[in-house]
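Everything below concerns the one structure shown next.
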């Protein structure tokens, strides 16, 4: 197996995960609405926007069309989640379980953002072989 083949499989796995996350935003929007910060107008629209963004990023990764842009935008979106949703949830958690869930979300979205940044920075190399 070549390095690019293994990298391509990793990118496709991330894309599948992002599709699942995106579809969940459309199947269970009310359960995700609680994560939209109250200072942001629009409410449920943001849930659908994020679901669409996840799916579009995944399609870009799979088809390798605009993968660089998609990687950077997905990373930015995930870092915004960390800063606007997960860190405040962690700091204001009412109990230990909620604090732990917020901490796991910080780690998860930071790791996904790092992988998306890697994809964006290596988009030209991932298509070889």
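If you check residue 51 against the conditions, is it in contact with a helix residue (DSSP H, G or I) (Cβ under 8 Å, 6 or more places away or on another chain) and at pLDDT 95 or above?
Working: in contact with a helix residue (DSSP H, G or I) (Cβ under 8 Å, 6 or more places away or on another chain): yes; at pLDDT 95 or above: yes.
Answer is yes for this residue.
Is it true that some residue in the stretch 65-86 is farther than 30 Å from residue 4 by Cβ, surrounded by fewer than 18 Cβ atoms within 10 Å (Cβ to Cβ) and without any contact (Cβ under 8 Å) to a residue 24 or more places away in the chain?
For the stretch 65-86, residues farther than 30 Å from residue 4 by Cβ, surrounded by fewer than 18 Cβ atoms within 10 Å (Cβ to Cβ) and without any contact (Cβ under 8 Å) to a residue 24 or more places away in the chain: present.
Can you give me the number of residues within the stretch 21-34 that are assigned to a loop (DSSP other than H, G, I, E, B) and closer than 28 Å to residue 123 by Cβ?
0
Name the residue that is surrounded by the most Cβ atoms within 10 Å (Cβ to Cβ), counting only residues in the stretch 6-32 that are touching a helix residue (DSSP H, G or I) at 6+ places or on another chain (Cβ under 6 Å), modelled with pLDDT under 95 and within 24 Å of residue 90 (Cα to Cα).
Among them, the one singled out is 32.
Scan the stretch 104-122 for residues that are without any contact (Cβ under 8 Å) to a residue 60 or more places away in the chain and within 16 Å of the chain's Cα centre (by Cα) and report the count.
Residues in the stretch 104-122 being without any contact (Cβ under 8 Å) to a residue 60 or more places away in the chain and within 16 Å of the chain's Cα centre (by Cα): 13 in total.
Which numbered condition trips up residue 3, out of (1) at pLDDT 95 or above; (2) closer than 30 Å to residue 124 by Cα?
Single failed check for residue 3: (1).
Checking the condition in contact (Cβ under 8 Å) with a residue 40 or more places away in the chain, surrounded by fewer than 18 Cβ atoms within 10 Å (Cβ to Cβ) and either assigned to a helix (DSSP H, G or I) or at negative phi (or both), which residue from 41, 37 passes? First the steps, then the outcome.
Numbers: 41 fails: in contact (Cβ under 8 Å) with a residue 40 or more places away in the chain.
Just one listed residue meets the conditions, 37.
The values are calculated or read from the model by the stated rules, or taken from the named source; none is laboratory data. Keep in mind it's a predicted model, so treat the numbers as computed, not measured. Backbone-built Cβ (ideal geometry, glycine too); neighbour counts: all protein chains shown.
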